[in-house]
Amino acid sequence: MSASRCVTGALVLAAGKGTRMKSDLPKVLLPVLDQPVLYYILDTLRRCMASSKGCVQQLAVVVGHRGETVQEYLGSNWPEALPLWQHEQLGTGHAVQIAKEWWTGLDHLLVLPGDVPLLTEASLSGLVEEHIVSGADCSFISFHASDSSGYGRVVREGKEISIVEDKDASEAQKALTEVNSGIYIFKTSSLLPHIYRLDNENAQGEYYLPDIIAMMIRAGGKVTASLSPDEGEFAGINTPLQLADAATALRRRILRRHLLAGVRMQDPDSVWIGPEVVIADNVLLEPSVQLWGKTEVERGAHVGSFSILRNVVLEEDACVVSHAVLSDSVFRKGSQVGPFIVVRDGAVFEEDSRGGKFVEVKKSRVGKGSKVPHLAYIGDAEIGAETNIGAGTITCNYDGKKKNPTTIGNRCFIGSDTMLVAPVNVGDDGFTAAGSVITQDVPEGALAVGRAKQRNIEGWAKRAGKK
Ligand code: UD1
Ligand code: MG
């Protein structure tokens, strides 16, 4: 039977405490790059579900320890994943028991730990396909670990295979390097007679799912241990060191994908890119750039050194000079910002606009061809096209209670050091004199002068004895 004609459900186990991580957050929500550990396996499964091979059709996640937080994460990011509660975490076998109502309706059940973020879609669909074609009752992935400590060892004796957990293993068994990846697929009709036969008479007093393997073989079932040559994909995350190693491996994998697709990086070793970032070809990333969240970088764009972008769109030929902290904002075609700029909270730089040195722009639009070149704070403002904002300009948007808007029209000239006390409007072609405090609207085409008139006191220095 082909994989696509069977109904296969994936059950991700994510209820464990993650005791060895020594963290308050549940292990599966600890960040790897900018996404939780659990994101990676769910992303792989989502791609399996969407692929034409159709190797997985349904998805459930077992939650338990700090389960509300995990459930909340699933609800807002993975609506296709059904949370199933394991109120007491009595082991991986117990986690599969509590999900029985859900999986009995399926043909095959894929069981995956929530803490294997490096697993690829190719390995997973390969396992499902091989399992279904071979007609096995259970297939699981094993690999040779360079450091097997913590893993269940695969013990092969003639035709018998069993898995012995690290804490239960004899010295001789501990020396074995073939280990269980924790990734299994079962024919549900073959799993059902065994799942409640598990006991917890072992070093951890837990119901171990891997004990099913030996049980099935003893009952005459067919179990395939698929030995993978690629250790890197199956590394579990149980300690902070393993978390850091997984982040390094994922980071390299992401960089490689972009480099192969035509993104240029002068120093890839210093560049960090999150898994959700999309980058077109013909893009240059200078050393020490970080791209996070749902950032999108279009063709011809350039990101200068020491810039951190999160949920940012850089349209074609947009340029971030260097030292920029940009978030949740859009930079349209040919716009240029930096160095030393902060842009945040839904700001938009329209085509060919400029944002310069020591500038902060928050929740504002800088119109087509307009410039905010030096030392300015622009918050809650709409700036039209071809307008120049002089150095030192501030939109005084906060009155201590609420944020107020400023609008500045097209072709305006805002003189240096203008304080725009919001709410306030400057009409098209409006000018403000340098050093003005603008508290009233400036009509179209007018020059607003809002400063004390200069007075020169002749001979003052001599009289004051300064000379
Ligand atoms: C498990 C396997 C081990 C394998 C290793 C691979 C068992 C007993 N051992 O060990 O053979 O080599 O994975 O990485 O299965 N979980 C629950 N409910 C529970 C207990 C655990 O949902 O009651 C979840 C955890 O959140 C985790 C996954 O199951 O995502 C695996 O649990 P973990 O404690 O990491 O098992 P390992 O000791 O790594
Ligand atoms: Mg583990």
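Dividing the summed -39500 (n - 2.57) terms of all DSSP H runs of n ≥ 4 by the residue count of the chain sets its mean residue ellipticity at 222 nm at -6000 deg cm²/dmol.
Say R0 is 56 Å: what FRET efficiency, to the nearest 0.05, do Ala434 and Ala280 get from their beta-carbon distance? Before the final figure, lay out the partial values.
Values: r = 42 Å, r/R0 = 0.75.
E(calc), rounded to 0.05, equals 0.85.
Here's the picture: charge each Lys and Arg Cβ at +1 and each Asp and Glu Cβ at -1 in the chain, and of His131, Ser162, His65 the one pushed furthest to the positive end of that dipole is His65. Select from Gly220, Ile195, Pro405 the residue farthest towards the positive end of the dipole of the chain; place +1 on Cβ of Lys and Arg, -1 on Cβ of Asp and Glu, and compute about the Cα centre. The residue sitting farthest along the positive end of the dipole is Pro405. Short-range pairs are left out: with C-alpha atoms under 8 Å and at least six residues apart, the relative contact order of the chain is 8 percent.
Scanning residues 5 or more positions from Glu382 or on other chains, those with amide H under 5 Å from its amide H are Arg365, Thr406, Thr407, Ile408, with H placed 1.01 Å from N in the peptide plane. What is the sum of charges around Asp380, taking Lys and Arg as +1, Asp and Glu as -1, for the other residues whose C-beta is under 11 Å from the C-beta of Asp380? Residues near Asp380 contribute +3 overall.
Counting other Cβ atoms within 10 Å, keep those with at most 13, restrict to DSSP loop, and tell me which chymotrypsin sites (Phe, Trp or Tyr not before Pro) in the range 173-280 are left. Within the range 173-280, the qualifying chymotrypsin sites (Phe, Trp or Tyr not before Pro) (loop, at most 13 other Cβ atoms within 10 Å) are Tyr196. Listed values for the range 137-144 are Karplus-derived 3J(HN,Hα) couplings in whole Hz (6.51 cos²θ - 1.76 cosθ + 1.60, θ = phi - 60°), namely 7, 8, 10, 9, 9, 10, 7, 8, and x replaces Gly and Pro. With both residues required to sit in the range 391-436, DSSP beta bridges show an antiparallel share near 10%.
Quick one: length gained pulling Arg252 to Lys167 fully straight, 0.36 nm per residue minus the C-alpha distance?
Numbers: separation 85, 0.36 × 85 = 30.60 nm, distance 3.26 nm.
Here the answer is 27.3 nm.
If a/c stays under 1.5 just call it rounded; otherwise compare a/b with b/c (prolate if a/b is bigger, oblate if not). Do that for the range 3-239, with a ≥ b ≥ c from the square roots of the Cα gyration tensor eigenvalues. Since a/c stays below 1.5, the shape of the range 3-239 is classed as rounded.
I'd like the carbon and sulfur percentage of the solvent accessible area for the range 241-448, probe radius 1.4 Å, heavy atoms only, ligands and nucleic acids excluded.
Working: 4870 of 9150 Å².
Roughly 53 percent, rounded to a whole number.
For the range 241-448, what's the relative contact order in percent, using C-alpha pairs closer than 8 Å and at least 6 residues apart? Spell out each step's value before the answer.
Working: 676 pairs, mean separation 17.9, N = 208.
The normalised contact order for the range 241-448 reaches 9 percent.
Close amide-amide hydrogen proximity is noted between Ile273 and Leu291, each under 5 Å apart and 5 or more residues distant or on a separate chain (H modeled in the peptide plane; Pro and chain starts excluded). For the pair the range 7-74 / the range 190-253, the C-alpha centres are spaced 16 Å from each other.
Tell me the relative contact order for the range 3-239 as a rounded percent, counting alpha carbon contacts under 8 Å between residues six or more apart. Walk me through the numbers on the way to the answer.
Details: 461 pairs, mean separation 57.2, N = 237.
Dividing the mean separation by the residue count of the range 3-239 yields 24 percent.
Residues of the chain: accessible area per residue at 1.4 Å, in Å²? Write out the running numbers ahead of the final one.
Details: 21460 Å² over 467 residues.
Per-residue value: 46 Å².
When +1 charges are put on Lys and Arg Cβ atoms and -1 charges on Asp and Glu Cβ atoms, the dipole computed for the range 241-448 relative to its Cα centre reaches about 620 debye. Over all projection directions, the Cα-based convex hull of the chain averages an area of 31.3 nm². With respect to the cross-link table entries Lys100/Lys187; Lys17/Lys187; Lys357/Lys403; Lys174/Lys222; Lys333/Lys368; Lys333/Lys371, which display a Cα-Cα separation exceeding 18 Å? With Cα atoms farther than 18 Å apart: Lys17/Lys187; Lys357/Lys403; Lys174/Lys222.
Listed by chain and number, the aspartates and glutamates whose alpha-carbon sits under 20 Å from that of Lys363, ignoring those within fewer than 8 places in the same chain, are Glu296, Glu315, Asp328, Asp345, Glu350, Glu351, Asp352, Asp380, Glu382, Glu386, Asp399.
Within the range 110-256, what percent of beta bridges assigned by DSSP are antiparallel, to the nearest 5? Numbers along the way, then the final one.
On the way: 14 of 20 bridges.
Percentage antiparallel, nearest 5: 70.
Mind checking the dipole of the chain: about its Cα centre, +1 per Lys or Arg Cβ, -1 per Asp or Glu Cβ, Debye to the nearest 20? Walk me through the numbers on the way to the answer.
Details: 49 positive and 56 negative charges, 376 e Å.
Dipole of the chain, to the nearest 20 debye: 1800 debye.
Proximity of backbone amide H atoms, modeled 1.01 Å from N, is registered between Leu447 and Phe431 at under 5 Å, excluding neighbours fewer than 5 places apart on the same chain.
Couplings 3J(HN,Hα) for the range 449-455, derived from phi with the Karplus relation 6.51 cos²θ - 1.76 cosθ + 1.60 (θ = phi - 60°), are 10, x, 8, 5, 6, 6, 10 Hz, where x marks Gly and Pro.
Give me the extension gain from Thr104 to Ala219: residue separation times 0.36 nm, minus the current Cα-Cα distance, reported in nm with one decimal. Can you show the working numbers first?
Details: separation 115, 0.36 × 115 = 41.40 nm, distance 2.02 nm.
In short, 39.4 nm is gained.
Restricting the range 200-304 to GluC sites (Glu not before Pro) that sit in a DSSP loop and have at most 14 other Cβ atoms within 10 Å of their own Cβ leaves Glu201. What is the antiparallel percent of DSSP beta bridges lying wholly in the range 3-239, to the nearest 5? Looking only at bridges with both residues in the range 3-239, the antiparallel portion is about 45 percent.
The values are calculated or read from the model by the stated rules, or taken from the named source; none is laboratory data. Computed from a prediction, not measured in an experiment: that's the story for all the values here. In this analysis, Cβ positions are derived from the backbone assuming ideal geometry, glycine residues included, and neighbour counts consider all displayed protein chains. Areas reflect the complete protein model, heavy atoms only, side chains present, ligands, DNA and RNA absent. Shrake-Rupley method; radii C 1.70, N 1.55, O 1.52, S 1.80 Å.
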